[in-house]
Every structure is written in structure tokens, then in C-alpha cells.
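Notes for the one structure printed next.
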Amino acid sequence: MMSEQGPTLTEAIRFFSNPQNCIDAVAAMRWADGRPTCPVCGKQDHYWLATQSRWKCKACKKQFSVKAGTVFEDSPLPLDKWLIALWMLVSCKNGISSYEVAATVGVTQKSAWFMLQRLRKALQDEHKTKLGGTVEVDESFIGGKARNMHISKRRKKMELSNRGGKSIAFGILERGGKVRAMVVDDRERATLQGKIKKNVESGAEILTDELHSYWGLEKEYVHEIVNHAAEYVRGHVHTNGLENFWSLVKRCLNGTYVSVAPFHLFRYLDEQSFRFNHRNTKERKLSNADRFAIALSQIAGKRLTWMEVTGQVGQTA
């Protein structure tokens with residue numbers, strides 16, 4: 001499957017054109033011991049139904065496919081389309097539009113958009129541990145420029161928000177480690193410091209700008225402030241790493257996706273965070289195949305329905 005220069009989209013398409021290769025790839029990521037587990041009863045005693053490309057559990061007599069219990073569940077689309085879309089999503093630095101996915105895998109734009117939203121669900125990090133060491137913290141306003149909007153839309157957004165219709169994204173970056181990005185309702189002290197305490201170990205060094213909402217962090221952390229009115233760097237004290245991440249986010253949103261509803265913004269932050277956290281660094285080199293394998297290992301237990309993604313029922317981030 002791989003060339004000497006590394007995996008390519010062409011090689012991925014060729015490899016996943018074989019349905020069995022798709023099943024084997026997903027099964028290998030889901031069940032490391034090579035023994036599929038029944039999603040109904042949890043037993044591993046089963047046999048393979050070759051004509052239906054699925055297993056039948058000997059204990060509960062239920063049939064299940066490799067899609068069961070994953071973001072692919074209940075999708076009529078074959079796995080090759082899903083896997084190619086996932087490959088494109090994790091390997092394209094500035095994201096991939098639903099129109100391009102639709103043209104590449106041969107589905108409608110509406111189906112491609114839904115596929116990408118479900119795949120972004122798989123890219124979510126569960127944040128099981130807290131960040132430590134030296135940590136940069138910063139927030140950013142994300143949204144369309146008011147001067148580019150129709151006057152009626154501009155007026156409506158201004159009425160709904162004192163931020164000019166923009167959403168607030170909040171980020172935490174561990175130097176030499178991972179970034180965590182999320183949408184917050186406001187920049188008040190209780191909101192931002194609550195997120196910090198939830199995600200950063202006590203005693204860590206936290207670097208912020210001069211925003212008043214960060215005052216008081218020195219009670220639990222080593223807090224250093226860089227005053228952007230007078231300087232951007234003071235020795236190792238700066239938030240340039242996180243500001244670089246925000247520039248990548250905005251380049252992706254403005255250049256590839258063009259318009260993202262605030263309701264869905266957190267999904268796009270999850271997508272960019274995944275690519276940023278699995279980028280190539282001096283310490284670690286990752287190929288497209290490596291990123292794809294990491295993403296594929298996260299597909300289980302993250303189902304997202306059309307009703308949820310369109311806001312017709314309650315959902316959680």
C-alpha cells in the first residue's frame with residue numbers, strides 16, 4: 001500500500017477499494033486482540049457470515065458488522081467511502097470541504113457534510129489527563145466580519161451578541177505537548193479559570209496575556225503575564241504557540257469552510273486540534289497513515305445521528 005515516499009491518497013483509494021481490506025483495517029483498530037466483540041452481549045464467541053460480511057454471535061444469536069458501535073453505524077455507505085473521507089480529513093492541513101469529499105468518493109454534498117461531521121466526532125480527544133509543565137492560555141474571537149454581512153444579518157447578529165456576532169474560542173497549549181480548544185460563552189473570570197483548573201495540573205506554569213479574567217491564577221499556579229501593549233515576548237514568556245494555532249484555525253475556517261455556524265464550531269476546533277496534536281515535530285515524525293490509524297482507533301463509542309447534528313434533539317460536546 002505504501003510508496004517509498006510515504007502513503008498517498010491514490011494508494012489509499014487503491015487499497016480500500018477491496019471491501020475486505022476495509023473490514024480488516026477497522027477490525028484491527030477496534031479489537032487489538034483480533035477477536036471481535038459482540039456489541040449486544042459483549043461475548044467473543046462468534047462465526048463469520050461470508051455472504052453478508054458480518055459476524056453472528058453464538059451466545060445471543062445477534063448479527064453485527066464492523067460498523068456496529070462506531071461513527072459508521074447505520075450508514076448505508078460502504079466502508080471504502082468512509083475510510084477515504086477520513087484519510088482526507090486527517091491528512092489535509094487546511095481541512096477538506098464537503099464538496100471535495102463528495103466529488104472524490106461519489107456521494108452527494110449533503111451526505112459528505114454529514115460524513116465529515118460524524119468523523120469529527122471521532123477526532124474528539126477525551127482529555128483523560130491534565131496538562132502540565134509550561135502552559136500557554138489564550139482566547140480568540142471567531143466569526144464573520146460585520147462589514148461583509150448584509151445589513152439585516154449584521155443587525156441581527158449585533159442584537160444577539162455584544163461581541164459583534166462572533167463566537168469565543170478558548171485554548172490551552174502545553175509546551176511540547178497537546179492543545180485543547182473549546183467554545184466558551186464569555187471571557188469572565190469564573191468561566192476561563194474554571195476551564196483552566198479543569199484541564200491544567202495545579203502548580204504548572206501558566207502564560208497568559210494581560211486580560212483581567214486571568215488575575216488570581218497565581219494562587220494555584222505559577223502565573224506569568226505578557227503585556228501585548230508593550231511586548232509580545234519576554235524570554236520564554238509568550239503565547240505565540242497558541243496564537244499560531246489560532247491562525248491555523250482561522251485559515252482553515254475562512255479558506256476551506258468559508259462559513260461555519262456557531263452551533264458546529266466546536267467540531268471544527270476538534271478537527272484542527274487533532275491535526276495539530278499529531279503534526280510532525282523534531283521529536284516525532286508522523287505519516288498520513290499514522291494519523292489515519294490514530295483516528296481510526298477512536299471511532300468506537302462515538303455515534304452521531306442526523307437528528308443530533310442538525311440540532312433537532314439535545315446533544316453534548
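Any idea which residue in the stretch 40-54 is surrounded by the most Cβ atoms within 10 Å (Cβ to Cβ), counting only those that are without any contact (Cβ under 8 Å) to a residue 24 or more places away in the chain and within 14 Å of residue 20 (Cβ to Cβ)? Spell out the reasoning first.
Looking only at the stretch 40-54, we keep the residues that are without any contact (Cβ under 8 Å) to a residue 24 or more places away in the chain, and these are 41-52, 54.
Going one step further and asking which of them are within 14 Å of residue 20 (Cβ to Cβ), we end up with 48-52, 54.
Numbers: 48: 12, 49: 12, 50: 8, 51: 6, 52: 10, 54: 17.
Step by step, filter the stretch 40-54, then rank; the result is 54.
Determine whether the stretch 280-296 contains at least one residue that is over 23 Å from residue 12 (Cβ atoms) and under 17 Å from the mean Cα position of the chain (by Cα).
Let us first name the residues in the stretch 280-296 that are over 23 Å from residue 12 (Cβ atoms), namely 281-283.
Checking which are under 17 Å from the mean Cα position of the chain (by Cα) leaves us with none.
Looking through the stretch 280-296, none of the residues is over 23 Å from residue 12 (Cβ atoms) and under 17 Å from the mean Cα position of the chain (by Cα).
What single numbered condition from (1) of a type outside the set (Phe, Trp, Tyr); (2) in contact with a Cys (Cβ under 9 Å, 6 or more places away or on another chain); (3) not in a helix (DSSP H, G or I) fails to hold for residue 271?
Condition not satisfied by residue 271: (3).
Any residue at all in the stretch 118-133 that is under 30 Å from residue 220 (Cα atoms) and more than 19 Å from the chain's Cα centre (by Cα)? Give the derivation first.
So in the stretch 118-133, the residues under 30 Å from residue 220 (Cα atoms) come out as 124-133.
Then drop every residue that is not more than 19 Å from the chain's Cα centre (by Cα), which leaves 132-133.
Within the stretch 118-133 (the criterion being under 30 Å from residue 220 (Cα atoms) and more than 19 Å from the chain's Cα centre (by Cα)), the answer is yes, since at least one residue qualifies.
Give me the residue from the stretch 8-38 that is under 25 Å from the mean Cα position of the chain (by Cα) and either assigned to a loop (DSSP other than H, G, I, E, B) or polar (S, T, N, Q) (or both) and, out of that set, nearest to residue 290 (Cα to Cα).
If we take residues in the stretch 8-38 being under 25 Å from the mean Cα position of the chain (by Cα) and either assigned to a loop (DSSP other than H, G, I, E, B) or polar (S, T, N, Q) (or both), then 8 is nearest to residue 290 (Cα to Cα).
Going through 291, 267, 275 one at a time, which residue ends up being crowded, with 18+ Cβ neighbours inside 10 Å, in contact with a His (Cβ under 7 Å, 6 or more places away or on another chain) and within 20 Å of residue 95 (Cα to Cα)?
Details: 267 fails: in contact with a His (Cβ under 7 Å, 6 or more places away or on another chain); 275 fails: in contact with a His (Cβ under 7 Å, 6 or more places away or on another chain).
Exactly one of 291, 267, 275 is crowded, with 18+ Cβ neighbours inside 10 Å, in contact with a His (Cβ under 7 Å, 6 or more places away or on another chain) and within 20 Å of residue 95 (Cα to Cα), namely 291.
Given the stretch 75-165, what helices (runs of 4 or more DSSP H) lie entirely inside it while holding 2 or more residues that are modelled with pLDDT of 95 or more? Can you show your working first?
Numbers: elements: 79-91, 98-105, 109-123, 151-160.
Of the helices (runs of 4 or more DSSP H) lying wholly inside the stretch 75-165, those with at least 2 residues that are modelled with pLDDT of 95 or more span 79-91, 98-105, 109-123.
The values are calculated or read from the model by the stated rules, or taken from the named source; none is laboratory data. All figures in this text were calculated on a predicted structure; none of them were measured in a lab. Reconstructed Cβ throughout: ideal geometry from the backbone, glycine too, with neighbour counts over all protein chains shown.
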